[in-house]
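Below is one structure, written out as structure tokens; the observations come after it.
The values are calculated or read from the model by the stated rules, or taken from the named source; none is laboratory data. This one's a predicted model, so the numbers in the text were calculated from it and none came from an experiment. Side chains included, ligands, DNA and RNA excluded: accessible areas come from the protein's heavy atoms. Shrake-Rupley method; radii C 1.70, N 1.55, O 1.52, S 1.80 Å.
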Amino acid sequence: MYILGIESSCDETAVAVIERGVKNSVLAEAIKSQIDLHAPYGGIVPEIAARTHYETIDRLTRQALSESGLAMENIEVLALTLGPGLVGSLLIGLAFAKGLALAHALPLVAVDHVEAHIEAPFISQPQIAYPLLALVVSGGHTSLFYQEEKFVGRVIAKTRDDAAGEIMDKVVKHFHLGYPGGPLLDSVFEKGDAKRFPFTRPRMSDGGGDFSFSGYKSAVLRLAQEAGIQPGSQDFFDLLASFLNALADYLVGMTLEAAASLPVRSLIVSGGVSRNRLLRQRFSRECAGLGLPLFLAEPRYCTDNAAMIAWLGYEKYRAFPQANYFDLTLNSYSRASFRAGSRHR
Ligand code: KG4
Ligand code: ZN
């Protein structure tokens, strides 16, 4: 079966064509990252994001089809990110997908973006055993999900303020070093002494297992100010390395604590921040020590992409054959409201 997936929730417009069934592979992907357009502002400008989706989505769809060697007539299912994300951006993808669905009489499967991040490691590793724990860590989300089986699960922890990627982006923006911040921290990590500056791990006063990242930004700014640290100096590289190291320790520590409290056969780590080399190494080392099978998304499927949308779209289509996939009243949603598989079936 051939599925065309569309992603437009944030600052990447992406279209993928995949084949599922007897063969399981990603046939083509077309992606337009808007990083260059938002970088001058130090963060995403929703209006620019939506306009760019509008200008590129048709061209990217043609490109993905042409690279796959298929035509619209060969596509059997459409999959689309319905939310969460920037509503103006999501609506461009939704309107475009509805048009395609109507014109070609195709079923349109609405997919939750966060749930699709959890799906991403399955693209290259189909044998992931349930129950699983998944850490989705990106610019918009830092949450832990527990799934007893596919499409059955719940959120067990989430951030109470910023997401991990967001705090990296904010710190880097503060020092006028561009956007997004995560890749920069990744690339300069080896230049600094990661043990030089101490960070205190946040604990919820109510004893809950949620995350909190806003204190890390205050701590970096305070340390820089107190010691008069200037960007570009060795002290500065030490500070950035220590900051990234502390975030990795926190994410790994919280995740493994949750894993120890539940019956878990697999651990998934996905989302844009899971591209980070230090985080990948740290999780790999700790999970090997514990004998806990770890499944990381391939780096290209950590950040936003349409292959994961198409992949989950197919799984939903197969799992819920009775659902109405011809519902043109579908509407985008901005906020995360994860109930695995149950929403917008
Ligand atoms: O998953 P994603 O593309 O979009 C959201 O759904 O949010 O994640 C984007 C986030 C940004 O905050 C970016 O700084 C971070 O992922 N990121 C990284 C790396 N690559 C992207 N963070 C750390 N290390 C990286 N190599
Ligand atoms: Zn994402």
Check your understanding: How many percent of the accessible area of region 222-345 is carbon or sulfur, using a 1.4 Å probe?
Key -> 49 percent
Check your understanding: Using alpha carbon centroids, what distance separates region 43-82 and region 171-235, in Å?
Key -> 36 Å
Review point. For the chain, what does the equivalent ellipsoid look like in terms of its semi-axes, each the square root of 5 times an eigenvalue of the Cα gyration tensor, given largest first in whole Å?
Key: 35, 23, 17
Review point. So what is the accessible area of the chain per residue, in Å², with the probe set to 1.4 Å?
Key: 42 Å²
Review point. In whole angstrom, how long is each semi-axis of the equivalent ellipsoid of region 59-143, when you take the square root of 5 times every eigenvalue of its Cα gyration tensor and sort them from largest down?
Key: 26, 18, 12
Study note, to complete from the structure: Listed residues 258, 105, 227; largest mean-square fluctuation, Gaussian network over the chain with Cα springs below 10 Å, found at 227
Review point. Over the chain, what is the percentage of antiparallel beta bridges among all DSSP beta bridges, to the nearest 5?
Key: 60 percent
Revision key, fill the gap. Checking 135, 290, 106 against a Gaussian network model of the chain (alpha-carbon springs below 10 Å), the top fluctuating residue turns out to be 290
Study note, to complete from the structure: Bounding extents of region 232-345 in its principal axis frame from Cα atoms, largest first in Å, are 58, 38, 23
Check your understanding: With the chain treated as a Gaussian network of Cα nodes joined by springs under 10 Å, which of 229, 309, 118 yields the largest mean-square fluctuation?
Key -> 229
Point to revise | List 146, 317, ordered by accessible area with a 1.4 Å probe, largest first | key: 317, 146
Revision key, fill the gap. In units of 2.2 N^0.38 Å, the Cα radius of gyration of region 31-186 is 1.19
